[in-house]
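Colleague: Below: one structure in structure tokens.
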Amino acid sequence: QRSTVARIYRMPKPVIASLPGAAAGAGLGLAMACDLRIAAESAIMVTAFARVGFSGDFGLPWLLPQIVGRSKALELFYSSDRLTAQQCLALGLVTAVVPDAELGEKTTQLARQLAAGPTVSFRYIKENINKAYTQDLEDFMDGEVMRHLTAGRTEDHREAVKAFVEKREPSFKGR
């Protein structure tokens, strides 16, 4: 469990969770480790641990407070209330809620959009965000500058600047 959640969380590419039904307990932890989450209208989420006398695993006690804040995370753990997809959207637990029949299509569409984007920059954006939770500001900013400079030396950055000047959409290559 530890290595799976950590690998999802630290993967240098955007990770999308497509949620067609229930995400409960460990399944919720796996979903929260992803960068973006798209839920079907019928999806539900629940921490569930208190209902079965557990304290939580699969990184959920660490991930959930980062997404919803400490107090709301405690409430969700203590109550183990089932949340509808719309409630999850309102809390920021999911990126989007779509009709059940469109979940696969919308997830694929988002994946293609991200794959066509500046993947090197996405890697450093994700690294910046992840490190923001584990470092003090000064140490974080030292690494942030290095990642920013590295991203600025990529072909993707040069293409983005050229596309901006030419008033067109950039064509990223991941280099």
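The values are calculated or read from the model by the stated rules, or taken from the named source; none is laboratory data. Keep in mind the model is a prediction, meaning the values are calculated, not measured. Glycine gets a Cβ as well: all are built from the backbone with ideal geometry, and neighbour counts include every protein chain shown. We work out accessible area using only protein heavy atoms, side chains counted, and drop any ligands, DNA or RNA first. Shrake-Rupley method; radii C 1.70, N 1.55, O 1.52, S 1.80 Å.
Colleague: For segment 104-175, which GluC sites (Glu not before Pro) are in a loop by DSSP, counting at most 14 other Cβ atoms within 10 Å? Intermediate results must be reported in sequence, preceding the final value.
Modeller: Numbers: sites: Glu105, Glu127, Glu138, Glu144, Glu155, Glu159, Glu166; in loops: Glu166.
Counting only loop positions with at most 14 other Cβ atoms within 10 Å, the GluC sites (Glu not before Pro) in segment 104-175 are Glu166.
Colleague: List every residue whose amide H lies under 5 Å from the amide H of Ala23, counting only residues 5 or more places away in sequence or on a different chain, with H placed 1.01 Å from N in the peptide plane.
Modeller: Under 5 Å from the amide H of Ala23 lie the amide H atoms of Ile44, Met45, Val46, each far enough along the sequence or on another chain.
Colleague: Which is farthest toward the positive dipole end of segment 57-175 among Phe77, Leu93, Pro170, measuring Cα position about the Cα centre, with Cβ charges +1 (Lys, Arg) and -1 (Asp, Glu)?
Modeller: Pro170
Colleague: Right, here's the next one. Mind checking segment 16-109 for trypsin sites (Lys or Arg not before Pro) that DSSP puts in a loop (not H, G, I, E or B) and that have at most 15 other Cβ atoms within 10 Å? Write down the numbers at each step before the final one.
Modeller: Details: sites: Arg37, Arg51, Arg70, Lys72, Arg82, Lys106; in loops: Arg82.
The qualifying sites are Arg82.
Colleague: Moving to a separate point now. So, with a 1.4 angstrom probe, what is the percent of accessible area on the chain that is carbon and sulfur?
Modeller: On the way: 5950 of 10520 Å².
Result for the chain: 57 percent of the exposed heavy-atom area is carbon or sulfur.
Colleague: Then there is this: In percent, what relative contact order does the chain have, based on Cα pairs under 8 Å that are 6 or more apart in sequence? Please list the in-between numbers first.
Modeller: Working: 254 pairs, mean separation 37.2, N = 175.
Across the chain, relative contact order equals 21 percent.
Colleague: Go ahead and collect, in residue order, the members of segment 83-118 whose backbone nitrogen is under 15 Å from a label point 7 Å along the Cα-Cβ direction of Ala50.
Modeller: 83
Colleague: Follow-up. Please compute the Kirkwood hydrodynamic radius over segment 23-111, one decimal place, Å, based on all pairs of different Cα atoms.
Modeller: Working: mean 1/r = 0.0762 Å⁻¹.
When all Cα pairs of segment 23-111 are included, the Kirkwood radius is 13.1 Å.
Colleague: Related question: Would you mind counting up the charge near Val97? Only other residues with Cβ under 15 Å from its Cβ, with Lys and Arg at +1 and Asp and Glu at -1. List each step's numbers first, then the result.
Modeller: Working: positive: Arg37, Lys106; negative: Glu41, Asp100, Glu102, Glu105.
So the surrounding residues net to -2.
Colleague: With the dipole of the chain worked out from charges on the C-beta (+1 for Lys and Arg, -1 for Asp and Glu) around the Cα centre, which of Gly59, Pro14, Gly29 lies farthest toward the positive end?
Modeller: Pro14
Colleague: Related question: Starting from the Cα of Lys13, draw a straight line to each of the aspartates and glutamates and keep only those under 16 Å, dropping any in the same chain fewer than 8 residues away.
Modeller: Asp35, Glu127, Asp156
Colleague: Normalise the Debye intensity by I(0) for the chain, one equal point scatterer per Cα, no solvent, then take log10 at q = 0.10, 0.13, 0.18, 0.19 Å⁻¹ and round to two decimals.
Modeller: After summing over all Cα pairs, the log10 values are -0.47, -0.75, -1.17, -1.23.
Colleague: If you place +1 on the Cβ of every Lys and Arg, -1 on the Cβ of every Asp and Glu, and leave all else neutral, what size is the dipole of segment 1-118 about its Cα centre, to the nearest 20 Debye?
Modeller: 420 debye
Colleague: Taking 0.36 nm per intervening residue step and subtracting the Cα-Cα distance, what contour gain separates Lys72 from His148 on full extension?
Modeller: Working: separation 76, 0.36 × 76 = 27.36 nm, distance 3.32 nm.
Gain in length upon complete extension: 24.0 nm.
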